[in-house]
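Novice: Take this structure, written in structure tokens, and hold onto it; I'll ask about it next.
Bear in mind these aren't lab numbers, they're just calculated from the coordinates by the rules spelled out. Here the structure is a predicted model, which means the values were calculated and not measured. Cβ atoms come from the backbone with ideal geometry, glycine included; neighbour counts cover every protein chain shown.
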């Protein structure tokens, strides 16, 4: 099956790629029509951790341009549409490459995609449920009667999206370590040997992506340390095995 797919003319591959791309694009479009209907509610849900920490008399988000709400709702609807349609999009990617893979390659590819999706989702939920409440509470503690927080819709959406994406990407650490181990770039022994450097790097990342207080940094650093340990275990179990010398 893989040989037949590899021998397919280039035009055939391009036609199949176009078909898969159009299906994925249609899925995103249909999802967007649904999410835009609920875009205001989606924004309210995303802004809930911020609003709950704003002073009672200033518990609202402003907009500075006439068209800002419209474009903000477009952005959040599109982001939600991509998330909702991602299973269809990923399946189209899978359906395009799967015929050219052997059975063991299909198993690995499917597992990596599922694992990546689960880790990114976990990181995103962690950012929303844990980091947002503590982070906003700390940052808004600097407000005074003379320093009143008036938050812009677009700026908040940008901050929230970047934070969620950053934490989702950070939670991909075990998967990255697994892939590198499978390729033979690293192994479990090397990862254990450099664990001190990994700890320093993780705390540096925690300091960059969280408010400047120890507690918030620990909220990111501790999960990353656990994920690093998980990556070491995965590298030990599934990493590329080195041939014995003289074998």
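Novice: Could you work out how far the C-alpha centroid of region 147-211 sits from that of region 25-72, in angstrom?
Specialist: 26 Å
Novice: Using alpha carbons only, how many degrees (0 to 90, rounded to 10) separate the axis of helix 68-97 from the longest principal axis of the chain?
Specialist: Its long axis makes an angle of about 10 degrees.
Novice: Next up: Taking square-rooted eigenvalues a ≥ b ≥ c of the alpha carbon gyration tensor, is region 32-86 rounded, prolate or oblate, where a/c under 1.5 means rounded and, failing that, a/b exceeding b/c means prolate?
Specialist: On the way: a/c = 3.18, a/b = 1.64, b/c = 1.94.
Note, shape of region 32-86 comes out oblate.
Novice: Which whole-number percent gives the relative contact order of the chain, counting Cα pairs below 8 Å spaced six or more residues apart?
Specialist: Numbers: 220 pairs, mean separation 56.3, N = 247.
With pairs under 8 Å counted, the relative contact order is 23 percent.
Novice: Separate question: Suppose each label sits 7 Å from its Cα in the direction of the beta carbon; what would the residue 82-residue 218 distance come out to in nanometres?
Specialist: For residue 82 paired with residue 218, the spin-label model returns 3.5 nm.
Novice: Still on this model: Can you order the peptides 230-240, 147-157 by their average number of other Cβ atoms within 10 Å per residue, highest first? Don't jump to the answer; show the numbers that get you there.
Specialist: Details: 230-240: 17.9, 147-157: 15.6.
Top of the packing list down: 230-240, 147-157.
Novice: So, one more: Pairing the Cα long axis of helix 153-170 with the longest principal axis of the chain, what angle in degrees results, from 0 to 90 and rounded to the nearest 10?
Specialist: Between the helix axis and the principal axis of the chain, the angle is about 30 degrees.
Novice: Looking at the square roots a ≥ b ≥ c of the eigenvalues of the Cα gyration tensor of region 126-247, which shape do they give, rounded for a/c under 1.5, prolate if a/b is larger than b/c, or oblate? Don't skip to the answer; put the middle values down first.
Specialist: Details: a/c = 4.27, a/b = 2.78, b/c = 1.54.
Prolate shape, in that a/c is at least 1.5 and a/b is the bigger ratio.
Novice: Run lengths n ≥ 4 of DSSP H only: what is the helix-derived mean residue ellipticity at 222 nm for the chain, with -39500 (n - 2.57) per run over all residues, to the nearest 500? If you can, show how the numbers build up before the last one.
Specialist: Values: 11 runs with 182 residues, N = 247.
The helix contribution divided over the chain gives -24500 deg cm²/dmol.
Novice: Turning to a different aspect of this structure: Please list, in order, the residues from region 78-100 whose amide nitrogen is less than 16 Å from a point placed 7 Å along the Cα→Cβ vector of residue 112.
Specialist: What the label zone holds, given the 16 Å backbone N cut-off, is 90-91, 93-100.
Novice: Taking the 0 to 90 degree range and rounding to the nearest ten, how far is the long axis of helix 103-126 tilted relative to the main principal axis of the chain, both from C-alpha atoms?
Specialist: Helix 103-126 sits at roughly 10 degrees to that axis.
Novice: Classify the chain as rounded, prolate or oblate from the Cα gyration tensor: take a ≥ b ≥ c as the square roots of its eigenvalues, call it rounded if a/c is under 1.5, otherwise prolate when a/b beats b/c and oblate if not. Intermediate values should be presented prior to the final figure.
Specialist: On the way: a/c = 3.69, a/b = 1.32, b/c = 2.80.
Cα axes put the chain in the oblate bin.
Novice: Considering all alpha-carbon pairs of region 67-121, what whole percent are spaced by more than 18 angstrom? Could the numbers behind the result be given before it?
Specialist: Values: 717 of 1485 pairs.
Value for region 67-121 (Cα pairs over 18 Å): 48 percent.
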